[in-house]
Amino acid sequence: MKNILILNGHPDKESLCSGLAQSYKRGAEATGANCKLIHLIDLHFNPILQYGYRKRMELEPDLISIQQSIIDSDHLVFVYPTWWGTYPALFKGFIDRIFLPGFSFKYHENSLRWDKLLTGKSARLIVTMDSPKWYYSIIYKSPGHNSIKRALLEFCGIRPVKKTTFSKVKLSDEKTRQHWLDKVEKLGRLQK
């Protein structure tokens with residue numbers, strides 16, 4: 001049985017992202033997977049990595065719990081909107097505070113080489129945006145997707161990382177949104 005951690009990075013729990021996260025959970029649970037859905041807005045933590053990596057900040061209890069959930073998970077699902085080309089500040093602050101040296105990666109001494117400490121896990125990005133997908137890809141070069149997939153998850157050893165993007169959200173109607181919710185529930189059933 002697969003353990004799945006779903007992280008909703010949208011600060012509004014009544015958003016489309018929240019609905020997509022719940023749809024994925026519903027689909028995965030229907031196949032017997034153990035799912036945990038976390039809305040980042042419900043966590044109590046300082047999103048600012050105050051000293052960079054120069055000095056360690058103590059992790060708040062919610063962050064300690066999330067790190068354990070990541071360790072226990074086989075598959076991670078990140079649901080978030082694209083704002084200004086990447087993702088909300090809450091989600092970025094969460095990443096900065098959670099994916100720390102010694103937890104998700106470890107540099108070799110006196111080297112730029114590193115160990116990937118989260119190998120053996122897979123991930124899915126479920127992303128919403130107002131821009132057309134082609135515009136985001138060709139004009140902006142997909143900065144948010146690349147940041148999460150390559151510079152974060154693959155850097156830490158998580159592979160494969162698949163992505164599903166829903167675009168032109170601002171122009172979508174109820175029928176389109178329901179289609180997206182149904183599609184994500186099917187992804188949850190496949191646990192991919």
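Readers should treat all values here as calculations from the given coordinates under stated rules, not as data from a laboratory. Worth saying up front: this structure is predicted, and the values here are computed from it rather than measured. All Cβ positions, even for glycine, are placed from backbone atoms using ideal geometry, and neighbour counts span all protein chains on display.
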Item to check | region 3-190: translational diffusion in µm²/s, Stokes-Einstein, Kirkwood Rh over Cα pairs, 25 °C, 0.890 mPa s | outcome: 143
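If contacts are Cα pairs under 8 angstrom and at least 6 residues apart, what is the relative contact order of region 3-190 in percent? Don't skip to the answer; put the middle values down first.
Working: 327 pairs, mean separation 52.7, N = 188.
Here the relative contact order equals 28 percent.
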Item to check | region 6-52: chymotrypsin sites (Phe, Trp or Tyr not before Pro) falling in loop per DSSP and having at most 15 other Cβ within 10 Å | outcome: Tyr51
Item to check | Rounded to whole Hz, the Karplus (6.51, -1.76, 1.60) HN-Hα couplings of region 46-55, x for glycine and proline | outcome: 7, x, 9, 6, 4, 10, x, 9, 5, 9
Item to check | Cα centroid separation - region 158-192 against region 20-72, whole Å | outcome: 21
Checklist outcome for this item: The extension gain from Tyr51 to Ala151, computed as 0.36 nm times the residue separation minus the Cα-Cα distance, is 33.9 nm
Checklist entry - Which residues' amide hydrogens lie under 5 Å from the amide hydrogen of Leu37, considering only partners 5 or more residues apart or on another chain, with H built in the peptide plane? => result Ile6
Next on the checklist: I'd like the Karplus ³J(HN,Hα) series for region 122-136: coefficients 6.51, -1.76, 1.60, θ = phi - 60°, whole numbers in Hz, and an x wherever there's a Gly or Pro.
Outcome noted: 10, 8, 10, 9, 10, 10, 10, 7, 8, 5, x, 4, 5, 5, 4
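What is the order of Arg56, Arg26, fewest Cβ neighbours within 10 Å to most?
On the way: Arg56 10, Arg26 16.
Placing the least packed residue first, the sequence is Arg56, Arg26.
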Checklist entry - Label Ile139 and Arg177 with points 7 Å out from Cα along Cα→Cβ: what is the distance between them in nm? => result 2.4
Checklist entry - To the nearest 10 degrees, how steep is helix 16-30 against the longest Cα principal axis of the chain, on a 0 to 90 scale? => result 90
Next on the checklist: Using each residue's phi in region 138-153, evaluate 6.51 cos²θ - 1.76 cosθ + 1.60 at θ = phi - 60° and report the 3J(HN,Hα) Karplus result to the nearest Hz, with x for Gly and Pro.
Outcome noted: 7, 7, 8, 6, 6, x, x, 4, 5, 4, 6, 5, 8, 6, 10, 5
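Exposed loop sites here are GluC sites (Glu not before Pro) in DSSP loop states with at most 14 other C-beta atoms within 10 Å. What is the longest stretch of the chain lacking them? Walk me through the numbers on the way to the answer.
Values: sites that count: Glu14, Glu58, Glu109.
For GluC sites (Glu not before Pro) (loop position, at most 14 other Cβ atoms within 10 Å), the longest site-free span of the chain is 110-192.
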Checklist entry - Mind checking the angle between helix 61-72 and the chain's longest principal axis? C-alpha axes, 0 to 90 degrees, to the nearest 10. => result 80
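Using Cα-Cα distances under 8 Å and only pairs 6 or more residues apart, what relative contact order does region 97-151 have, in percent? Walk me through the intermediate numbers first.
Working: 22 pairs, mean separation 9.7, N = 55.
Value for region 97-151: 18 percent.
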Checklist entry - Once both axes come from the Cα atoms, what is the angle between helix 174-190 and the longest principal axis of the chain, in degrees from 0 to 90, rounded to 10? => result 50
